[in-house]
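J.: What follows is a single structure, and I will ask about it in a moment.
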Ligand SMILES: [Zn+2]
């Protein structure tokens, strides 16, 4: 069931929760990302530059991260790792498990984070000094009793990006163009799907391309990663899809 989490939500059950739903240029919403929240903390799906405010706003709390999965290397999905890395190393003094595909390791560390994090007071630092890095093999892993299946999607050409299926209940596409074969292939009750509400975007799923999905798929889709003018599209979206994903929206796993 979908429940809109209130501030007093207890972490007794395991729930999937949207942490942010905005596009990279949104000025009114947090970066698109989610968390699997349990008694032991929040396992993040992506970690963009708004992560600290987003976690504190949606009732999870920045200090309660139990693990992180990274879909791909764009700022609105990974720049929050700098904040998590530094605060967890020096203030909270623990390493967060960081799940990623080997294919994005060099891009994430050597081409992105190293310039900011590669040198600390103690000397040279590596990604492993900040995080418990765990490579995803065979496109699947389990973390604290929740099963994750990983699949490649179609975002920026030549740049790997991965979606994730959680407990065969939630399909989370990350940033992608339309992926009709994948949305038909997996078992799930809800699909959180990337969208560009305006036509002509070469790396995000244009709304018209999602309208071509089968009706039984569209009825399970909650759109995410949308822009600040989303209200102008509410009519067409609610007519064809389950609706817009919103920050704090939660689903029991
Ligand atoms: Zn992206």
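The values are calculated or read from the model by the stated rules, or taken from the named source; none is laboratory data. None of these values were measured; they are calculated from a predicted model. Using ideal geometry, Cβ is built from the backbone for each residue, glycine included, and neighbour counts are taken over all protein chains shown.
The rows are residues; the columns are (1) under 14 Å from the mean Cα position of the chain (by Cα); (2) within 25 Å of residue 61 (Cα to Cα).
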| residue | (1), (2) |
| --- | --- |
| 145 | no, yes |
| 158 | no, no |
| 170 | yes, yes |
| 184 | no, no |
| 198 | no, no |
| 202 | no, no |
| 217 | no, no |
| 224 | yes, yes |
| 252 | no, yes |
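J.: Follow-up. For segment 11-50, what are the residues that are within 15 Å of the ligand (Cβ to nearest atom) and within 18 Å of residue 131 (Cα to Cα)?
T.: Hits for segment 11-50 are 45, 46, 47, 48, 49.
J.: Being surrounded by 22 or more Cβ atoms within 10 Å (Cβ to Cβ), at pLDDT 95 or above and within 12 Å of the chain's Cα centre (by Cα) is the requirement here; does residue 51 meet it?
T.: Judged against the criteria, residue 51 is a match.
J.: Among (1) under 25 Å from residue 120 (Cβ atoms); (2) modelled with pLDDT under 95, there is one condition residue 59 misses while meeting the rest; what is its number?
T.: (1)
J.: Restricting the search to segment 83-134, which residues are in a loop (DSSP other than H, G, I, E, B) and in contact (Cβ under 8 Å) with a residue 24 or more places away in the chain?
T.: Of everything in segment 83-134, those that are in a loop (DSSP other than H, G, I, E, B) and in contact (Cβ under 8 Å) with a residue 24 or more places away in the chain turn out to be 92, 95, 101.
J.: What strands (runs of 3 or more DSSP E), lying completely within segment 144-193, carry at least 2 residues that are modelled with pLDDT of 95 or more and within 11 Å of the ligand (Cβ to nearest atom)?
T.: By residue number, no strands (runs of 3 or more DSSP E) qualify.
J.: If you go through segment 69-79 one residue at a time, do you hit one that is modelled with pLDDT of 95 or more, under 20 Å from the mean Cα position of the chain (by Cα), away from the ligand (no atom under 16 Å from the Cβ) and not in a loop (DSSP other than H, G, I, E, B)?
T.: Checking segment 69-79: not a single residue is modelled with pLDDT of 95 or more, under 20 Å from the mean Cα position of the chain (by Cα), away from the ligand (no atom under 16 Å from the Cβ) and not in a loop (DSSP other than H, G, I, E, B).
J.: Okay, moving on. Say we look at segment 13-32 and pick out the residues that are assigned to a strand (DSSP E or B) and in contact with a helix residue (DSSP H, G or I) (Cβ under 7 Å, 6 or more places away or on another chain); which of these is farthest from residue 251 (Cα to Cα)?
T.: The extreme case among them is 31.
J.: What are the residues in segment 170-188 that are closer than 18 Å to residue 45 by Cβ and buried (at least 21 other Cβ atoms within 10 Å of the Cβ), if any?
T.: Answer for segment 170-188, where residues must be closer than 18 Å to residue 45 by Cβ and buried (at least 21 other Cβ atoms within 10 Å of the Cβ): 170, 171, 172, 173, 174, 175, 176, 179, 183.
J.: So, of the residues in segment 54-68 that are part of a helix (DSSP H, G or I) and surrounded by 24 or more Cβ atoms within 10 Å (Cβ to Cβ), which turns out to be farthest from the ligand (Cβ to nearest atom)?
T.: Going through the qualifying residues, I end up with 55.
J.: Step by step: first the residues of segment 205-215, then only those that are surrounded by 22 or more Cβ atoms within 10 Å (Cβ to Cβ) and closer than 20 Å to residue 21 by Cα, then the one that is nearest to the chain's Cα centre (by Cα). Which residue is that?
T.: 205
J.: Given the conditions (1) without any contact (Cβ under 8 Å) to a residue 40 or more places away in the chain; (2) surrounded by fewer than 20 Cβ atoms within 10 Å (Cβ to Cβ), report the number of the one that residue 167 does not fulfil.
T.: Residue 167 satisfies every listed condition except (1).
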